[in-house]
Structures are given as C-alpha cells and as structure tokens.
1. Measuring with a 1.4 Å probe in the full set of protein chains, what accessible area per residue, in whole Å², belongs to region 92-143?
2. Count of lysine pairs in region 22-110 with Cα atoms under 27 Å apart, counting only pairs 8 or more residues apart in sequence or on different chains?
3. Give me a comma-separated list of calculated 3J(HN,Hα) values for region 85-102, in order, Karplus coefficients 6.51, -1.76, 1.60 applied at θ = phi - 60°, integers in Hz, x for any Gly or Pro.
4. Putting +1 on Lys and Arg Cβ atoms and -1 on Asp and Glu Cβ atoms, find which of A100, I9, Q119 reaches farthest to the positive end of the dipole of the chain.
5. Can you tally the net charge around G124? Count Lys and Arg as +1, Asp and Glu as -1, for every other residue whose Cβ sits under 13 Å from the Cβ of G124.
6. Roughly how many Å² is the accessible area per residue of region 1-71, as a whole number, for a 1.4 Å probe?
7. Only four residue types carry charge here, +1 at the Cβ of Lys and Arg and -1 at the Cβ of Asp and Glu. Report the dipole size of the chain about the Cα centre in Debye, rounded to the nearest 20.
8. So what is the relative contact order for the chain, in percent, with contacts set as C-alpha pairs under 8 Å and at least six apart?
Amino acid sequence: WDLLSGRSIALYYYNLAYGYPLYLHIDLRKDNEHALEFWWYASTCRHLGVGGKHSNRKVWEAHKQAMQQYRRLKPFYTQGTFYGLDETIHVHTLKAQGKAVVNAFNLSDKPETREVTFQLLEIGFNPEAKVEVKGASYSQTASAVTISFSLPTKGTALIEVNTKP
C-alpha cells in the first residue's frame, strides 16, 4: 500500500538528495507475483531485511528468484551510486567496473511498453563508452542510449548495462 499510494516514492527522492544509507525490513506477504515491493525497496534502501512468506506459491517462487538475482547484483545496490532517470527508473552504477543495473517499475493497473533515453554521463559512465545491454532492446547513438522494454501491470524490469572495453 505504501508504494502504490505514493508514500514510498519519497525513498526515491531521499536517494537523489542524500548519500546516507537507509535500512529497512519489509514483509513480503503483501507483495505480488512480479516482486514489485521487493525490487522497489531493494532499489531504494541500501540494506534490506526481508521477512514473511507469501501464501501464493507463484508469488513465493517469484520472491525466491528475485532474491537469487539480488544476491548476484547486491554490490550495485549496497555500494553503487544511485541515479534516478525518473521516479520509476532507477540506476545503480559501479563506475570502476563499468557496469550498471536499471530497475524499472510500473505502478499502474495497465501493462506498459517503455522507451527511455539517457546520456551515459547521467549514469556515471564515460560519454565515449560503448555499451551492451541485457534485459531490454537498446540502441546507442554517440553518448545517448535508448532502452526499450515491457512492464506487466504493477510489475518490474531488471536491465543490466555494461560498458565495452
């Protein structure tokens, strides 16, 4: 409810304004099959505690998969630099590694197809870098990258951006 009512959007703005880490414990019993709540709080809180097992098996399986992805990508969320392209597009960059993770969120009641264009400098990369993107279709023109992806109703997308050597 906090996320869908707009109250948790404040965490996005907190991340833009401050470099101080937030610690939060969430109860996944209220989340959905897209792990919307899990990914929102993973993206906006550097240190996340997770509890509660959803009674719906499909949701529980989605949570287990999300937690495996999170463990693999944890350095982006706990040590990376947070960039916000908008309230629903968050980027976590590990500049020294030339890698970033993009979390995209659909808070609406309808599926969406999104196209987002950003400058490499906006996410902490060298503007002359060439990138590869996993999890979305993309194109690059000079320092501008455009990613295109679909989001289910109240869903998420996880996109990885890597600079080429």
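1. Dividing the accessible area of region 92-143 by its residue count gives 56 Å².
2. 15
3. 7, 6, 4, 10, 10, 10, 10, 10, 10, 9, 4, 4, 8, x, 9, 8, 10, 10
4. A100
5. Net local charge, G124 excluded: +1.
6. The answer is 60 Å² per residue.
7. 600 debye
8. 19 percent
The values are calculated or read from the model by the stated rules, or taken from the named source; none is laboratory data. The model shown is predicted, which means the values in this text are computed figures rather than measured ones. Positions of Cβ are generated from backbone atoms using ideal geometry, with glycine treated the same way; all protein chains shown enter the neighbour counts. Note: areas computed on protein heavy atoms with side chains; ligands, DNA, RNA excluded. Shrake-Rupley method; radii C 1.70, N 1.55, O 1.52, S 1.80 Å.
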